[in-house]
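Notes to accompany the following structure.
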Amino acid sequence: MTRLIQRTTAAAGLFGCLLVALCLMTAVDGMFNGTLAQNVRPPENAVTSGAPPPRPQTAPDQGGNYDKELWGELRRGAKGTVSIPDKQAGILVDSSGETWRALRNGPLPTYGAYALGGMLGLLVLFYLIRGRIRISQGPAGTTIERFTDFERMGHWLLAVSFIILALTGLNVLYGRYVLLPVMGKEAFAAMSEIAKWLHNYVSLAFAVGLVMTFVTWVWYNFPHPRDLIWFLKGGGVIGSAHPPAKKFNAGQKILFWLVMLGGVSLILSGLQLLLPNQFPFFAKTFAFLNGFGFDLPTELTANQEQQLAASWHGIVALFLTVVIIAHIYIGSVGMEGAFDAMGTGEVDVNWAKEHHSLWAEEELAQKGSASGGTAARPAPAE
Ligand code: HEM
């Protein structure tokens, strides 16, 4: 009965998430067919079908003749006419800004919403098909230590700061379409100001959490041939096999490296956004990548550096958020006994034997010999 209630509540929660995702997607859809479409709506007298209307040769409201060639030259950088050292100051019409704006208001939020909604949908589906992954032997009633206080502190610092950064970042991308109509301008502006402040400063906590988790866990996350077997056997998530694993299995190792590389990339691109025009990270990265056969531009203007930083920051953040949603699912609702590892630091012995058999064997043997045969502790009373 309790199981049924737990399952129904969890399914309702996941459905809720799916609904939120659908609202988000509808809002994004509306955003492109509504707000943005209005922005680019042709003037009243424009011809809307057939051949495009001829471009006017004069711009009466700008009070002069429209010289197509002159403006074309200026837009292309007026090659040969600017010889001042500051290349950025020599750009009169920066077309790259328009390209960036189109990405920032178009594919980035659209595909981001599809990815977030898609992941939530997949998890609901997975839950309905597979249900909660149970300890197949049932709980043993005795526990062993899985993570020390320091490990858990690092994890929760990283997790809480990431969640705050993700929510405040999503507000930058989707807030005006999803929350503004509900909250009204005044409240939304006040909330966004606080959110932006949080986003800037919580990034420091995220960086500290990232370093703490890196130094404590990197030793357990180097690849090993057994990781391949873990994948081939579906990792105990697809199917019912429990492939052997040490402290972290192959899936966890991938998560670890995604979080580390994605985290560092977010911190660096975030720094570039926080202190504009100080760090030409992209030109340097492109020059480095060109050494591996790429052909990327290495002469970037200050504006292009900032545009790349903003786009990259958004892409990596959305990607990592999608991955972390799956991680949160499996670490809480998705698997019986998993949350205890980060909650109390102690896991049930049978859970340990099923999901991390090699690690459990080692721990039980080591601690058993150290304590004269009593490795596991009785589970605390509920
Ligand atoms: C409410 C949110 C979260 C919950 C409930 C949660 C839960 C867990 C649990 C239970 C574990 C241990 C798994 C085991 O014992 O094998 C774990 C590990 C880990 N968590 Fe989280 N976590 C959350 C958020 C996050 C966030 C936001 C990040 C990173 C941005 C993160 C990164 C990691 C990493 C790198 C590991 C080690 C590898 C792994 O076990 O997958 N977690 N988490």
Could you tell me how many of the residues in region 142-159 are in a helix (DSSP H, G or I) and within 11 Å of the ligand (Cβ to nearest atom)? 8
Can you tell me which of (1) within 29 Å of ALA207 (Cβ to Cβ); (2) crowded, with 20+ Cβ neighbours inside 10 Å is the one ILE144 doesn't meet? (1)
Subset of region 311-356, residues crowded, with 20+ Cβ neighbours inside 10 Å, of a type in the set (Val, Ile, Thr) and either on the phi > 0 side of the Ramachandran plot or outside any helix (DSSP H, G or I) (or both), comes to VAL333, VAL347
Restricting attention to region 238-266, and to residues there that are surrounded by fewer than 17 Cβ atoms within 10 Å (Cβ to Cβ) and among the β-branched types (Val, Ile, Thr), which single residue is farthest from the ligand (Cβ to nearest atom)? ILE238
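Applying the selection to region 152-187, what residues are of a type in the set (Ser, Thr, Tyr) and under 26 Å from ALA338 (Cβ atoms)? First the steps, then the outcome.
Pass one, region 152-187, residues of a type in the set (Ser, Thr, Tyr): 161, 168, 174, 177.
If the condition is that a residue be of a type in the set (Ser, Thr, Tyr) and under 26 Å from ALA338 (Cβ atoms), then SER161 is the only one that fits.
Kindly evaluate GLU305 against the criterion of being more than 11 Å from the ligand (Cβ to nearest atom) and in contact with a strand residue (DSSP E or B) (Cβ under 8 Å, 6 or more places away or on another chain). Write out each step before concluding.
On the way: more than 11 Å from the ligand (Cβ to nearest atom): yes; in contact with a strand residue (DSSP E or B) (Cβ under 8 Å, 6 or more places away or on another chain): no.
No, not satisfied.
Where residues in region 289-305 are assigned to a helix (DSSP H, G or I), of a type outside the set (Gly, Ala, Ser) and in contact with a helix residue (DSSP H, G or I) (Cβ under 7 Å, 6 or more places away or on another chain), which of them is nearest to MET260 (Cα to Cα)? Reasoning before the result, please.
Start the filter on region 289-305 by keeping residues that are assigned to a helix (DSSP H, G or I), which leaves 289-290, 302-305.
The next check asks that each one be of a type outside the set (Gly, Ala, Ser); those that pass are 289-290, 303-305.
Adding the requirement that they be in contact with a helix residue (DSSP H, G or I) (Cβ under 7 Å, 6 or more places away or on another chain) leaves 303-305.
Numbers: ASN303: 28, GLN304: 26, GLU305: 23 Å.
If we take residues in region 289-305 being assigned to a helix (DSSP H, G or I), of a type outside the set (Gly, Ala, Ser) and in contact with a helix residue (DSSP H, G or I) (Cβ under 7 Å, 6 or more places away or on another chain), then GLU305 is nearest to MET260 (Cα to Cα).
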Just for region 199-217: of the residues that are surrounded by fewer than 17 Cβ atoms within 10 Å (Cβ to Cβ) and without any contact (Cβ under 8 Å) to a residue 40 or more places away in the chain, which one is farthest from SER269 (Cα to Cα)? VAL215
Given the options TYR111, TYR127, TYR174, name the one that is crowded, with 17+ Cβ neighbours inside 10 Å, more than 16 Å from the ligand (Cβ to nearest atom) and not hydrophobic (A, V, I, L, M, F, W, C). TYR174
GLU73 fails exactly one of (1) under 36 Å from the mean Cα position of the chain (by Cα); (2) at pLDDT below 90; (3) charged (D, E, K, R); (4) surrounded by 14 or more Cβ atoms within 10 Å (Cβ to Cβ), namely (1)
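Take THR168 and decide whether it is surrounded by 15 or more Cβ atoms within 10 Å (Cβ to Cβ), among the polar types (S, T, N, Q) and either within 16 Å of the chain's Cα centre (by Cα) or away from the ligand (no atom under 16 Å from the Cβ) (or both). Please lay out each step first, then the result.
Working: surrounded by 15 or more Cβ atoms within 10 Å (Cβ to Cβ): yes; among the polar types (S, T, N, Q): yes; either within 16 Å of the chain's Cα centre (by Cα) or away from the ligand (no atom under 16 Å from the Cβ) (or both): yes.
Considered against the rule, which asks whether it is surrounded by 15 or more Cβ atoms within 10 Å (Cβ to Cβ), among the polar types (S, T, N, Q) and either within 16 Å of the chain's Cα centre (by Cα) or away from the ligand (no atom under 16 Å from the Cβ) (or both), THR168 comes out as yes.
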Residue match in region 249-257 (condition: polar (S, T, N, Q), without any contact (Cβ under 8 Å) to a residue 12 or more places away in the chain and either over 20 Å from VAL322 (Cα atoms) or touching an Asp or Glu at 6+ places or on another chain (Cβ under 9 Å) (or both)): no
Of the residues that sit in region 309-343 and are touching a Lys or Arg at 6+ places or on another chain (Cβ under 7 Å) and near the ligand (Cβ under 7 Å from one of its atoms), which one is farthest from PHE206 (Cα to Cα)? ALA341
Verdict on ASN249 being at positive phi and not aromatic (Phe, Trp, Tyr): no
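The values are calculated or read from the model by the stated rules, or taken from the named source; none is laboratory data. Note that the structure is a prediction, hence the values are computed from the model and not measured. So basically every Cβ, Gly included, is an ideal-geometry build from the backbone, and we count neighbours across all protein chains shown.
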